[in-house]
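Notes follow once the structure below has been shown.
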Amino acid sequence: MNEKKLVGEKAIDYIKDGMVVGLGTGSTVFYTIYKLGELVQNGLSIKGIPTSKQTEKLANEVGIPLVSFNEVEQIDVAIDGADEVDPDLNLIKGGGGALLREKIIANAANTFIVVADPDKNVTKLGAFPLPVEVLPFGIEFTNKKLIELGLKPHLRQVQGNQFQTDNGNYIFDCRLPVITNLKELERELNLIPGVIENGLFLGMTDIYITLDRDKDNSIVVRHRKNV
Ligand code: 5RP
């Protein structure tokens, strides 16, 4: 059974004709985008805003019409994956390196839907290293500042080269201290001048789609408490 496909395709239930849809990045939302492409071929009229070059390519391949973020009045729904999801639907994102655009689109969307297989569910965020996107300029200074916050930053590499985001920046994958006040950490990260954005998505998820392995992998849809 393909768990990512099950949760990814379930998100389609929330898409209606005429919507502007934020398209996340990764192997789970891949199935949402692929299915959306099929529906578009069958007459669904939507416009997509991709969160990465990878997603832009996929959306073009499956035939989803794209629109520039600056041209739309609003984003109705954004759908994306996650690297970790806690019981309050707080997330760590950015494993694929697209956290900056993902966060902007999630923030702008009227409804932010997260799709993830049960392996992503944790009681506490932080086993997955927190991605922090930083400006290449002054990277050693930024590294020092991250260490001062108690983090253990590791500059992301791909095949021996520094990983570069779609925005031309670098990523530090940061081990968190065992006891961490996430709100406070987010605030402190945002105070470091060289930090562009971090992968903490706190209080942003409106709808979470996952599976319950104890119940034959039935789909579980959770809503933000005040929705
Ligand atoms: C990319 C992300 C992805 O949503 C996250 O890494 C989950 O990916 P996948 O669905 O492949 O497990 O944040 O920046």
- Would you mind computing Rg(Cα) / (2.2 N^0.38 Å) for segment 6-110, counting N as its residues? 0.99
- Query: Tell me, what HN-Hα J-couplings in whole Hz come from the Karplus equation 6.51 cos²θ - 1.76 cosθ + 1.60 at θ = phi - 60° for each residue of segment 7-22, using x for Gly and Pro?
  - Reply: 6, x, 6, 4, 5, 4, 4, 9, 9, 10, 3, x, 6, 9, 10, x
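Only bridges with both residues in the chain count here: give the DSSP antiparallel percent, nearest 5. Before the final figure, lay out each step's value.
Details: 24 of 41 bridges.
Among the beta bridges of the chain, antiparallel pairing accounts for roughly 60 percent.
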- Task: Please work out how much accessible surface F163 shows to a 1.4 Å probe, ignoring ligands, DNA and RNA, in Å² rounded to 10.
- Result: 40
- Return P(r) of the chain (all Cα-Cα pairs; 10 Å bins starting at 0; whole %; ordered from short to long distances). 8, 33, 35, 20, 4, 0
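Tell me the per residue accessible area of segment 130-198 using a 1.4 Å probe; a whole number in Å² is fine. Intermediate results must be reported in sequence, preceding the final value.
Working: 3990 Å² over 69 residues.
Accessible area per residue: 58 Å².
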- Note on the structure: Karplus-derived 3J(HN,Hα) from phi for segment 59-76 (6.51 cos²θ - 1.76 cosθ + 1.60, θ = phi - 60°), whole Hz, x at Gly and Pro, runs 4, 5, 5, 8, x, 7, x, 10, 9, 6, 4, 6, 8, 9, 7, 7, 10, 6
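Using only helices, what value at 222 nm comes out for the chain when you add -39,500 (n - 2.57) per DSSP H run of length 4 or more and divide by the total residues, to the nearest 500 deg cm²/dmol? Display every interim value, and only then the final one.
Details: 6 runs with 60 residues, N = 227.
The helix-only estimate for the chain comes to -8000 deg cm²/dmol at 222 nm.
So between V67 and K225, what do we pick up on full extension, going 0.36 nm a residue minus the alpha carbon distance? Mind showing how you got there, number by number?
On the way: separation 158, 0.36 × 158 = 56.88 nm, distance 3.16 nm.
Stretched out fully, the V67 to K225 stretch lengthens by 53.7 nm.
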- Item | Paramagnetic reach from L135 in segment 146-188 [backbone N under 13 Å; point 7 Å along Cα→Cβ] | 169-170
- Amide H contacts under 5 Å for N110, restricted to residues at least 5 apart in sequence or on another chain and with H modeled in the peptide plane, are I75, D76, V77
- Message: Which order do you get for L99, L182 if you rank them by accessible area with a 1.4 Å probe, largest at the top?
- Response: L182, L99
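If R0 is 45 Å, what FRET efficiency do you get for N60 and V178 from their C-beta distance, rounded to 0.05? Let's see the in-between values first.
Numbers: r = 44 Å, r/R0 = 0.97.
Computed FRET efficiency for N60 and V178 comes out at 0.55.
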- Across segment 44-128, qualifying lysine pairs (alpha carbons under 21 Å, at least 8 places apart or different chains) come out at 11
- Partner aspartates and glutamates for K225 [C-alpha distance under 18 Å; skip if fewer than 8 residues away on the same chain]: D86, D88, D206
- Query: What are the residues whose amide H is under 5 Å from the amide H of H154, where those residues sit 5 or more places off or on another chain and H is modelled from the backbone?
  - Reply: D173, C174, R175
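Of all the accessible heavy-atom surface of segment 108-215, with the other protein chains kept in place and a 1.4 Å probe, what percent is carbon and sulfur? Could the numbers behind the result be given before it?
Numbers: 2920 of 5470 Å².
Carbon and sulfur together cover 53 percent of it.
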- Query: Taking the convex hull of the alpha carbon atoms in segment 130-198, what volume per residue do you get, in Å³?
  - Reply: 81
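What FRET efficiency comes out for Q74 versus K144 if R0 is 45 angstrom and r is the Cβ-Cβ distance? Round to the nearest 0.05. Please list the in-between numbers first.
On the way: r = 40 Å, r/R0 = 0.90.
Efficiency, rounded to the nearest 0.05: 0.65.
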- Query: Using θ = phi - 60° and the Karplus curve 6.51 cos²θ - 1.76 cosθ + 1.60, what whole-Hz ³J(HN,Hα) does each residue of segment 178-194 get, with Gly and Pro shown as x?
  - Reply: 4, 9, 9, 8, 5, 4, 5, 4, 4, 4, 5, 4, 5, 8, 7, x, x
- Non-local amide H neighbours of V220 (under 5 Å, H modeled in plane, Pro and chain starts lacking H): which ones? T210, L211, D212
- Among P131, Y31, A78, the residue whose Cα sits farthest towards the positive end of the charge dipole of the chain, when +1 is placed on the Cβ of each Lys and Arg and -1 on the Cβ of each Asp and Glu, is P131
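The values are calculated or read from the model by the stated rules, or taken from the named source; none is laboratory data. Note that this is a predicted model, so its numbers are computed, not measured. When we count neighbours, we look across all protein chains shown, and the Cβ atoms used for this are built from the backbone with ideal geometry, even at glycine. Heads up: the accessible areas ignore ligands, DNA and RNA and are worked out on the full protein's heavy atoms, side chains in. Shrake-Rupley method; radii C 1.70, N 1.55, O 1.52, S 1.80 Å.
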